[in-house]
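The values are calculated or read from the model by the stated rules, or taken from the named source; none is laboratory data. None of the values given here were measured: they were computed from a predicted structure. Backbone-built Cβ (ideal geometry, glycine too); neighbour counts: all protein chains shown.
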Amino acid sequence: MLHNGPKGSDVALVNTDSVDDIFHMIEIEKGAHPLTTTVREERNGNVSSYSLNQNYPNPFNPSTVIEYSLPEAGFVTVRVFNLLGQEITTLVNEYKRSGTYQVTFDSKHLSLPSGMYIYTHSSGKYSQARKMLLLK
């Protein structure tokens, strides 16, 4: 399925439904370089609290996995920032059901320098941030 995204970019969604996992491949054209993010959703009814786990691998080059959990359904954002507080990208910005989720941040087409980056997870009144290290 192909949708027009913001500012004329194309957003392609590939969805395979299964009982435990849903995979989405989202490709957003950012300038001349596509930003590719893979989202693996694991619906687990046993989640009792919000959490944002440390990314892995860390340090990473060029991609890393970020895992977070939601004890209840709600609107979720997962964002990546540089150390100046400038937003690099938004990885998740949508309503999610309760469960544990994984999102892959791929920096290959972003021309980011090596260094420390901050990723955040927000849902309702919950918000948490963690550091990750990009080594080229």
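Do we have VAL78 as at pLDDT 95 or above, crowded, with 16+ Cβ neighbours inside 10 Å, of a type outside the set (Asp, Glu) and within 14 Å of TYR101 (Cα to Cα) here? Answer is yes for this residue. Does SER111 meet the test of being within 27 Å of ASN46 (Cβ to Cβ) and among the polar types (S, T, N, Q)? So SER111 does not fit the description; no. Looking at the structure I just gave you, is ILE22 more than 14 Å from the chain's Cα centre (by Cα), in a strand (DSSP E or B) and at pLDDT below 95? So ILE22 fits the description; yes. Scanning segment 49-66 for residues that are in contact with a Lys or Arg (Cβ under 9 Å, 6 or more places away or on another chain) and not β-branched (Val, Ile, Thr) yields LEU52, ASN53, GLN54, ASN55, ASN58, ASN61, PRO62, SER63. Restricting to segment 54-72, what's the tally of residues that are in contact (Cβ under 8 Å) with a residue 24 or more places away in the chain and outside any strand (DSSP E or B)? Going through segment 54-72 one residue at a time, the tally reaches 8.
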